[in-house]
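Report on the following structure.
The values are calculated or read from the model by the stated rules, or taken from the named source; none is laboratory data. Predicted model, so just to flag it, every value in this text is computed and none were measured. Here the Cβ positions follow ideal geometry from the backbone for every residue, glycine too, while neighbour counts run over all protein chains shown. What goes into the accessible areas is simple: the full protein's heavy atoms, side chains included, and nothing from ligands, DNA or RNA. Shrake-Rupley method; radii C 1.70, N 1.55, O 1.52, S 1.80 Å.
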Amino acid sequence: MATNIIKNEKELDKKIAECFNNLKKKFEGTEGSRCITICGGTGCLSSESNVILKEFEKQIKANKLENKVTVNKVGCFGFCSQGPFVKIYPEDTLYRTVSVADVKEIMETDILGGKIVDRLLYIDPKSGKKITKQEDIPFYKKQMRIALHGCGVINPEDINEAFGYDAFKALKIVLKMTPQEVVNEILASGLRGRGGGGFPTGRKWQFALDQKNDEKYVVCNGDEGDPGAFMDRSILEGNPLAVIEGMMIAGYAIGAKNGYFYVRAEYPVAVNRLRIAIKEAEEMGLLGDHILGTNFSFRVHIRLGAGAFVCGEETALLNSIEGKRGMPRPRPPFPAVKGLWGKPTIINNVETLANVPYIIRVTAKEFAKVGTEKSKGTKVFALGGKVNNVGLVEVPMGTTLRELIYDIGGGIPNNKQFQAIQTGGPSGGCLTINELDTPIDYDNLIAKGSMMGSGGAIVMDEDNCMVDVAKFYLGFICDESCGKCSQCRIGTKRLLEILTRITDGRGTLEDIDKLESLSKSIQVGSLWGLGQTAANPILSTLSKFREVYMRHIVDKKCDAGVSKNLVTFVIDPNKCKKCSLCARNCPVDAITGVVGKEPFVIDTNKCIKCGTCVSLCKFGAIRKE
Ligand SMILES: Cc1cc2nc3c(=O)[nH]c(=O)nc-3n(C[C@H](O)[C@H](O)[C@H](O)COP(=O)(O)O)c2cc1C
Ligand code: SF4
Ligand code: SF4
Ligand code: FES
């Protein structure tokens, strides 16, 4: 639509100013307006946040408030375990765990009555106090939002909201710089790739800029295969234009005219919002030929991945885009020299690209003030597992694991003991209680036997068996190995067999040596990243939890009660209140007793160790031995 086209910098400035004022009016409630924002991230959508939104619209209409009250869908708020979220502007009141049934009360009490719905506020578990505003919730206090800029604030399906929240300001700056100046700025920022390896982004761009070729490409890696990780999905869902702008800046810097988003097909919301954002930007002439009247032309394409972990590896990803089987290519030549269709290509992670517009807007110098000496800026983590506050967390590099788990994550549920945190997903390792004060950055995590990875951070408590954890990741790797090199294809299968033997109670001391030697030979013998890092969870748990392996092998015991063959369920007759709840729910009738008269007893020959009775007994009478 030609009328929408923003032809030059002046028109862009006008558009940005207009959209900024509109957004400001919405947030500040100028002219007595109210705005109800609802989380439209995948987590909250799965709890019917789209139905909540429709219900608000219905009630606004029924109350004839269309001119006063607006409804807005935004991206993930981060604190997903407390969703769905509803935030009311201008007061900034944040309601959590909202359901469709709560809409009427929010409308009547808050929107019409001007009073807060107390019962929907977040309650600080430490002080017991109800908290009205997002920024006062401890989960958010130590966070700093750079990559998540705009997520949970703007409507990701409306380019005008993005304009009001800094979109395209960085591109405007960049178009007045030379490509080398842009690369220099990214180099000076110290930005390192957030996809796992932590390679300096500016250096990668410099390699590609130095290539003499008319055809170059930028690829955004949105494959996000690490189990438990969802930061890239949330960024794409919450502010897709920030990533598109980052990609455009990369394209300008290296001399590329085309960019490819590689996103797994299991991310339909992210893909849809990306499509909308691309279409809107194209309609305004911000993607296409002669952007803002300059010589810079850039187009963006989307390719869907089928969800294979190996396709997140950059060269396998390139094969996948080209329509070939997703198997890694030998390096060198590196993609910056010979990448997509043999042309110089840079591959950057979603989060890496989301940082780029911010760096340009605030300057590299300002960006580099955040973080540690060798790891600048922030990192987004998908904090999960045995932690009270599950969600997306963006913290300055240098934040300690203790701050992440206890101050932001709210500690371990049910007064259990922290045992370990796995960072770096299946390629990473675990960090223990002795390492809680480690400042998080690329080099510190590697020095402690783990890695940053893409940002999955899974907390484990005393009920997790560390041998079982290693087995879980190995099982994942076995399924996901592309099979190209035999060390990885066959070696990981053998490792899994040994681990299964150990957890089944058939392990021998010799198995420990086998695990170690085979892990090391897979590390050196595999040609690509997946195989080279496949044994990391084993090596890391073996070095930090060797006694747990020994207990499985020597004593045939799993103290966490996870390895079923090594566990017996027993009812303590002194604690049993003879209520029969366990017996009534045992799927194989393994429990007998007389209600109110005789303590209940488990027949260990019948018991299939499902754990139902343990979780049901309110008196803690059933233990695992
Ligand atoms: C097995 C394997 C899986 C990977 N998966 C991803 C992924 O899902 N997303 C990602 O950005 N990088 C992934 N990487 C890293 C990429 O190969 C590449 O280094 C990264 O996309 C570069 O972007 P960055 O420099 O911005 O981090 C993976 C690497 C390996 C070895
Ligand atoms: S649920 Fe607990 S208290 Fe009740 S019968 Fe079973 S073991 Fe005893
Ligand atoms: S663990 Fe499961 S099968 Fe065994 S006694 Fe308890 S409920 Fe029954
Ligand atoms: S999806 Fe709603 S808070 Fe994360």
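Is it the case, given these coordinates, that SER543 is of a type in the set (Gly, Ala, Ser), open to solvent by 20 Å² or more (accessible area, probe 1.4 Å) and either closer than 18 Å to GLU435 by Cα or in a loop (DSSP other than H, G, I, E, B) (or both)?
On the way: of a type in the set (Gly, Ala, Ser): yes; open to solvent by 20 Å² or more (accessible area, probe 1.4 Å): yes; either closer than 18 Å to GLU435 by Cα or in a loop (DSSP other than H, G, I, E, B) (or both): yes.
The answer is yes for SER543.
What do you reckon, is GLY505 surrounded by fewer than 21 Cβ atoms within 10 Å (Cβ to Cβ) and in contact with a His (Cβ under 8 Å, 6 or more places away or on another chain)?
Working: surrounded by fewer than 21 Cβ atoms within 10 Å (Cβ to Cβ): yes; in contact with a His (Cβ under 8 Å, 6 or more places away or on another chain): yes.
Against the criterion (surrounded by fewer than 21 Cβ atoms within 10 Å (Cβ to Cβ) and in contact with a His (Cβ under 8 Å, 6 or more places away or on another chain)), GLY505 qualifies.
Scanning region 571-594 for residues that are closer than 19 Å to GLY620 by Cβ and open to solvent by 40 Å² or more (accessible area, probe 1.4 Å), which turns out nearest to ligand 3 (Cβ to nearest atom)?
Applying the filter and picking the extreme gives ASN585.
Which condition from (1) touching a helix residue (DSSP H, G or I) at 6+ places or on another chain (Cβ under 8 Å); (2) among the acidic types (Asp, Glu); (3) surrounded by fewer than 19 Cβ atoms within 10 Å (Cβ to Cβ) is the one that GLU57 breaks?
That leaves (1) as the condition not met.
Can you tell me which residue within region 610-625, out of those that are surrounded by 17 or more Cβ atoms within 10 Å (Cβ to Cβ) and in a loop (DSSP other than H, G, I, E, B), is nearest to ligand 1 (Cβ to nearest atom)?
Only one residue tops the list, namely CYS617.
Quick one: ILE106 ticks every box in (1) touching a strand residue (DSSP E or B) at 6+ places or on another chain (Cβ under 7 Å); (2) under 25 Å from GLY384 (Cβ atoms) except a single one, so which number is it?
Checking ILE106 against (1) touching a strand residue (DSSP E or B) at 6+ places or on another chain (Cβ under 7 Å); (2) under 25 Å from GLY384 (Cβ atoms), the one that fails is (2).
Is it fair to say LEU209 is free of Cβ contacts under 8 Å to residues at least 60 places away in the same chain, in contact with a helix residue (DSSP H, G or I) (Cβ under 9 Å, 6 or more places away or on another chain) and surrounded by fewer than 22 Cβ atoms within 10 Å (Cβ to Cβ)?
Working: free of Cβ contacts under 8 Å to residues at least 60 places away in the same chain: yes; in contact with a helix residue (DSSP H, G or I) (Cβ under 9 Å, 6 or more places away or on another chain): yes; surrounded by fewer than 22 Cβ atoms within 10 Å (Cβ to Cβ): yes.
Yes; evaluated as a whole, the condition is true for this residue.
All but one of (1) in contact (Cβ under 8 Å) with a residue 40 or more places away in the chain; (2) among the aliphatic types (A, V, I, L, M); (3) assigned to a helix (DSSP H, G or I) hold for ALA583; state the number of the condition that does not hold.
All conditions pass for ALA583, except number (1).
Looking at VAL370, VAL350, which is the one that is among the aliphatic types (A, V, I, L, M), modelled with pLDDT of 95 or more and farther than 21 Å from GLY251 by Cα?
It is VAL370.
Which condition does ASN272 not pass, out of (1) farther than 28 Å from PHE334 by Cβ; (2) polar (S, T, N, Q); (3) outside any helix (DSSP H, G or I), if it passes all the others?
(3)
Filtering region 221-246 down to residues that are assigned to a helix (DSSP H, G or I) and open to solvent by 10 Å² or more (accessible area, probe 1.4 Å), which residue is farthest from GLY41 (Cα to Cα)?
Step one: of region 221-246, the residues assigned to a helix (DSSP H, G or I) are 231-238, 240-246.
Filter once more, keeping what is open to solvent by 10 Å² or more (accessible area, probe 1.4 Å): 233, 242.
On the way: ARG233: 9, ALA242: 16 Å.
Looking at residues that are assigned to a helix (DSSP H, G or I) and open to solvent by 10 Å² or more (accessible area, probe 1.4 Å), I get ALA242.
List the number of the failed condition for GLN180; all other conditions in (1) part of a loop (DSSP other than H, G, I, E, B); (2) farther than 28 Å from ILE60 by Cβ; (3) open to solvent by 10 Å² or more (accessible area, probe 1.4 Å) hold.
The single condition GLN180 does not satisfy is (1).
Would you mind finding the one in GLY453, GLY410, GLY449 that is assigned to a loop (DSSP other than H, G, I, E, B), closer than 25 Å to PRO200 by Cβ and open to solvent by 10 Å² or more (accessible area, probe 1.4 Å)? Show your work before the answer.
Numbers: GLY453 fails: open to solvent by 10 Å² or more (accessible area, probe 1.4 Å); GLY410 fails: closer than 25 Å to PRO200 by Cβ.
So the residue among GLY453, GLY410, GLY449 that is assigned to a loop (DSSP other than H, G, I, E, B), closer than 25 Å to PRO200 by Cβ and open to solvent by 10 Å² or more (accessible area, probe 1.4 Å) is GLY449.
Looking at THR352, THR363, THR378 in this structure, which one is within 28 Å of ILE321 (Cβ to Cβ) and either touching a residue at least 24 places away in the same chain (Cβ under 8 Å) or under 15 Å from the mean Cα position of the chain (by Cα) (or both)? So that I can check it myself, show each step before the final result.
Numbers: THR363 fails: within 28 Å of ILE321 (Cβ to Cβ); THR378 fails: within 28 Å of ILE321 (Cβ to Cβ).
Exactly one of THR352, THR363, THR378 is within 28 Å of ILE321 (Cβ to Cβ) and either touching a residue at least 24 places away in the same chain (Cβ under 8 Å) or under 15 Å from the mean Cα position of the chain (by Cα) (or both), namely THR352.
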